[in-house]
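Asks: Shown below is the structure under consideration.
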Amino acid sequence: MKKPLLLVLPFLSLSAFANTNPHLDIYNKSISQTIYKGQRVNIPVKFNLPTDRRHLVTLGFDNNEPRAVDCKIEIYNAANQRVHNLDCRPGRGEHAFETPIAYWQDNYRAIISLYNADFTQGSQRFEGNFRFNYGESTSIDNDHLPTWWKKTYDVVGLDANTDHDGDNFTLLQEYYGNSKPNDATSFPDHDPVIDFDETLSAGTSIYARFGTPVTKTVEITPYNNKKVKSLELIVETTANARNQSVVAFFYNENNEQIYPSYLKYPSGNLSVFFDQPVEVQKLKIKLTAKHFSSNIHARYDTKINAVFTE
């Protein structure tokens, strides 16, 4: 079976850009910009979305397609890692992201980058509109299928292992294989490898002076999976502090300690794997940093990776 990573769908008219799916929310970014010859313009896009809209489904665009203007969209996660690099040079189009899409957390951002490579005239005007379509990321049936998808195809209430259209593929296979569960002629475009474990992270920077411990608390709220399977502590420090340490304690939403010990940097356990996953609605992490080197104001960049399972 074919396995395209990206679909580009042409449109025949401007009216085709209207969002006809009532279960998707559109985050619009309009641009009207004069770009001089040889100039590159970077337009940042910060997403401010409700907590249940973390599922990027499609990204549509249309522009006046000025001559020799390069257009691309780069999307970064909270750790400043580029997760998507999309070409928007064609005047009109829509990118459909391959499922499964990771549930997006806060601090995701996009950069729309425009470069005028036409040196035959002093400047050009770029007129464009970019539509980031987000769907509900909740799982109303607790079966790992997002709400927007089940509502779109009217399969709310059906078990994920149901073959709704009789084509020998379950809802779960249709979703992860980019096919329609209500069309017997629509088949998954690849053999999906389905892994329901979710890795979520939280971190912070801690500044500590000689002999004075500093404590900060961070939280992780899981989406579908509510059982903690493993925990990992990662620390980077900018100062060569002696006798330094960062200690992490873990609690649930009721402030009950879910791990009887702790993770400690640099001399201690930096990770733990639970024999029996621990259920939480919210994971709270208390981080304490300290060192004993005079005349040093040490900085500790700390990060917790938590793997959640069913």
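The values are calculated or read from the model by the stated rules, or taken from the named source; none is laboratory data. Note that the structure is a prediction, hence the values are computed from the model and not measured. Every residue, glycine among them, receives a Cβ derived from its backbone with ideal geometry; neighbour counts consider all protein chains shown.
Asks: Can you find a residue that is in contact (Cβ under 8 Å) with a residue 40 or more places away in the chain, of a type outside the set (Gly, Ala, Ser) and surrounded by fewer than 16 Cβ atoms within 10 Å (Cβ to Cβ) anywhere in segment 246-259?
Replies: The first filter runs over segment 246-259 and keeps only residues in contact (Cβ under 8 Å) with a residue 40 or more places away in the chain, leaving 246-248.
Within this subset, residues satisfying the condition of being of a type outside the set (Gly, Ala, Ser) are 246-247.
Okay, now just the ones that are also surrounded by fewer than 16 Cβ atoms within 10 Å (Cβ to Cβ), so none.
Looking through segment 246-259, none of the residues is in contact (Cβ under 8 Å) with a residue 40 or more places away in the chain, of a type outside the set (Gly, Ala, Ser) and surrounded by fewer than 16 Cβ atoms within 10 Å (Cβ to Cβ).
Asks: How many residues does segment 35-70 contain that are aliphatic (A, V, I, L, M) and in contact with a Leu (Cβ under 8 Å, 6 or more places away or on another chain)?
Replies: 6
Asks: Between a first residue in segment 194-206 that is among the hydrophobic types (A, V, I, L, M, F, W, C) and a second residue that is part of a loop (DSSP other than H, G, I, E, B), which pairs have beta carbons less than 7 Å apart while being 6 or more apart in sequence or on different chains?
Replies: 196/144; 196/225; 196/310; 200/222
Asks: Restricting attention to segment 146-156, does a residue exist that is at pLDDT 95 or above, farther than 27 Å from residue 199 by Cα and buried (at least 20 other Cβ atoms within 10 Å of the Cβ)?
Replies: Let us first name the residues in segment 146-156 that are at pLDDT 95 or above, namely none.
No, because not a single residue in segment 146-156 is at pLDDT 95 or above, farther than 27 Å from residue 199 by Cα and buried (at least 20 other Cβ atoms within 10 Å of the Cβ).
Asks: If you don't mind, there's one more thing I want to ask. Checking residue 125 against (1) within 30 Å of residue 55 (Cβ to Cβ); (2) assigned to a strand (DSSP E or B), which single condition isn't satisfied?
Replies: (1)
Asks: Just name the residue that is nearest to residue 189 (Cα to Cα) out of those in segment 7-38 that are loosely packed, with under 14 Cβ neighbours inside 10 Å and modelled with pLDDT of 80 or more.
Replies: 28
Asks: Do we have residue 114 as outside any strand (DSSP E or B), surrounded by 17 or more Cβ atoms within 10 Å (Cβ to Cβ), touching a residue at least 12 places away in the same chain (Cβ under 8 Å) and not small (Gly, Ala, Ser) here?
Replies: Working: outside any strand (DSSP E or B): no; surrounded by 17 or more Cβ atoms within 10 Å (Cβ to Cβ): yes; touching a residue at least 12 places away in the same chain (Cβ under 8 Å): yes; not small (Gly, Ala, Ser): yes.
For residue 114, the condition - outside any strand (DSSP E or B), surrounded by 17 or more Cβ atoms within 10 Å (Cβ to Cβ), touching a residue at least 12 places away in the same chain (Cβ under 8 Å) and not small (Gly, Ala, Ser) - is not met.
Residue-by-condition table, conditions (1) touching a helix residue (DSSP H, G or I) at 6+ places or on another chain (Cβ under 6 Å); (2) at pLDDT 90 or above; (3) within 30 Å of residue 218 (Cα to Cα):
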| site | (1), (2), (3) |
| --- | --- |
| 180 | no, yes, no |
| 184 | no, yes, no |
| 189 | no, no, no |
| 194 | yes, no, yes |
| 197 | no, no, yes |
| 202 | no, yes, yes |
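Asks: Please determine, by comparing only the residues of segment 94-111 that are in a strand (DSSP E or B) and modelled with pLDDT under 90, which one is nearest to the chain's Cα centre (by Cα). Before you say what the answer is, go through the steps one by one.
Replies: So the first thing to find is which residues in segment 94-111 are in a strand (DSSP E or B), and the list is 94-97, 109-111.
This time we only want the ones that are modelled with pLDDT under 90, so: 94-97, 109.
Numbers: 94: 19, 95: 16, 96: 15, 97: 12, 109: 10 Å.
Out of the qualifying residues, it is 109.
Asks: Would you pick out the residues in segment 69-82 that are without any contact (Cβ under 8 Å) to a residue 60 or more places away in the chain, over 10 Å from residue 113 (Cα atoms) and either in contact with a Gly (Cβ under 8 Å, 6 or more places away or on another chain) or exposed (fewer than 14 other Cβ atoms within 10 Å of the Cβ) (or both)?
Replies: If the condition is that a residue be without any contact (Cβ under 8 Å) to a residue 60 or more places away in the chain, over 10 Å from residue 113 (Cα atoms) and either in contact with a Gly (Cβ under 8 Å, 6 or more places away or on another chain) or exposed (fewer than 14 other Cβ atoms within 10 Å of the Cβ) (or both), then 80, 81, 82 are the ones that fit.
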